[in-house]
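Asks: This is the structure I want to talk about, given as C-alpha cells.
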Amino acid sequence: MTAQQTPAVAQRQRCEVWTRVMGYHRPVSAFNPGKQSEHHERLHFNEGAATAGHP
C-alpha cells in the first residue's frame, strides 16, 4: 500500500484482541484496568524457541 492508498484514521476498523482466560475466551477490552495491564506484561510462548537445539 502506498501513502495515497492508506485509509484515513477515521476509516480504520479497530482490531479486537481476544485471549483465553480460565478455560474460555474473552476480549481484552472487557478486562478491568488491572487485568489489562497484566495481559500487556505477559510473555508469549514461542514453540520454536522452546525446542531449539532439541532433535
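Every read-out reported here was derived from the displayed coordinates using simple, explicitly stated rules and does not represent laboratory data. None of the values given here were measured: they were computed from a predicted structure. When we count neighbours, we look across all protein chains shown, and the Cβ atoms used for this are built from the backbone with ideal geometry, even at glycine.
Asks: In region 27-55, which residues have a backbone nitrogen under 18 Å from the label point lying 7 Å from Arg14's Cα in the Cα-to-Cβ direction?
Replies: Label zone hits: 27-40.
Asks: Per 0.36 nm of contour for each residue apart, how much would the distance between Arg42 and Ser29 grow if the chain were fully extended, relative to their Cα-Cα spacing?
Replies: 3.1 nm
Asks: In terms of modelled amide H atoms, which long-range or inter-chain residues lie less than 5 Å from the amide H of Val21?
Replies: Close amide H contacts, sequence-distant or interchain: Arg26.
Asks: For the chain, give the magnitude of the charge dipole about the Cα centre (Cβ charges: +1 Lys/Arg, -1 Asp/Glu; no others), in debye to the nearest 20.
Replies: 180 debye
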